[in-house]
1. If I ask for residues that are more than 23 Å from Thr48 (Cβ to Cβ) and of a type in the set (Val, Ile, Thr), which ones from the stretch 301-350 would you list?
2. What's the number of the condition Val297 fails, among (1) in a loop (DSSP other than H, G, I, E, B); (2) touching a His at 6+ places or on another chain (Cβ under 7 Å); (3) crowded, with 17+ Cβ neighbours inside 10 Å?
3. On the basis of being part of a helix (DSSP H, G or I) and either touching a Ser or Thr at 6+ places or on another chain (Cβ under 9 Å) or more than 10 Å from the ligand (Cβ to nearest atom) (or both), does Met35 make the cut?
Amino acid sequence: MAKHLKALIRFRGGPITVAEYMEEVLTNPNAGFYMNRDVFGTHGDFVTSPDISQMFGEMVGVWSMCLWHQMGQPEAVNIIELGPGRGTLMADLLRGTAKFKDFSQTLSVHLVECSPALRKIQHETLKCVYKGGAEEKPTADGQNSEVVDDRISQISGVPVAWHFDLDQVPRGVPTIIIAHEFYDALPIHQFQKSPRGWCEKLVDVAEDDCQGLRFVLSPGPTAASKLFLTRRMKWASLQEKAEIEHVEVCPQAMKVTADIAKRVGGDGGGALIVDYGDSKIVSDSLQAIKKHEFVHVLDSPGNADLSAYVDFAALKHVVEDAAVGAAVYGPITQSQFLGALGINFRLESLVQNATDEQAEALQLGYWRLVGDGPAPWLDSDDDVNRVPPGMGSRYKALVVVNDKYGAPVGFQ
Ligand code: SAH
């Protein structure tokens, strides 16, 4: 990946944007971080809420079912997940809602996933089979090849299809969209105030070290600063404008959000976006994580996850400016969201039927989802490493829904 990036920079005859760097590092088809392996879990690079506890996907299932009631209980619903990772959230959602057949049998699952390796894992997690019963169907030329759109999940017997892009998911059907830790992986541009005005942070080959890459600042405004920074600054408060020295802008997040608004505004339905971030301009949040440790953003490209805080304020403005029949609510904290959906009652009922060991794991998972800061019962450094800080207030939930329904559950 490092070689490829340096070749790209030389070929271009100059530095690339941070957004281009992030996109190459995460989703380059040959060596992108997500593309060829399972990066999640204790043995991977990072752990996310669905893998911490089954209760996360179950609560998102409860939220989806409540929204379906607000939607007027349509007979057919596309449930779309953006960036499903291992597929754990969707599996827990389908399992948790399977017995409510009125709802569960209306669903067609659409997974938007760019990584072939993760698509395979999602197929397994959702216990998918081809409708004909065969694992893989031969193509016309007689060679085995994946057929992407005739699978069903044995968890609840509903169809599952994969897409590279939200645009590829069929329109015209009421839709529930879920994006958990998807937005933080979308490429951002970084801008910096300098004596020359606002400049863009770029990635160049390091002169002194033939192995490495370095950050440089553009000599003046760039195409991205003229387009995206200008747009973002229009929404900034006077105080933000006066104080801010660094700004991150994520054009893809804005585009996806505008597309979501159009879809739920036009076809009916709603979207739930859960991620870490704040409801204000994001300054300088891009980070790299490798094997659960922070590393420098330009170190080990392709082997470390890159992610940035989500600018929820920008997403809200995008929906409001689009004026396409969609309303936006939130962000609220993950702990408020899961609390409103009754996660504590779910915990109680799971603990009742659990062994002591399982109960301890459930309570720990519960705390990691809704707790805040370091776990209060820990005293040794060892335990602090074993139990990372709670995600209850760092993670936020934002919803975009058809404006006929009013606020969905948790956001009233
Ligand atoms: N939602 C999961 C995974 C989050 S990681 C969880 O919470 O565990 C980000 C996911 O988005 C991965 O599945 C990654 O492959 C996918 N992804 C990242 N960029 C993408 C893009 N541009 N298009 C489609 N999928 C993308």
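1. Hits for the stretch 301-350 are Val318, Val319, Val324, Val328.
2. All conditions pass for Val297, except number (2).
3. no
Every number here is computed from the coordinates shown, using simple stated rules; none is lab data. As the structure is a prediction and not an experimental result, all values here were calculated from the model. Cβ: placed from backbone, ideal geometry, glycine included. Neighbour counts: every protein chain shown.
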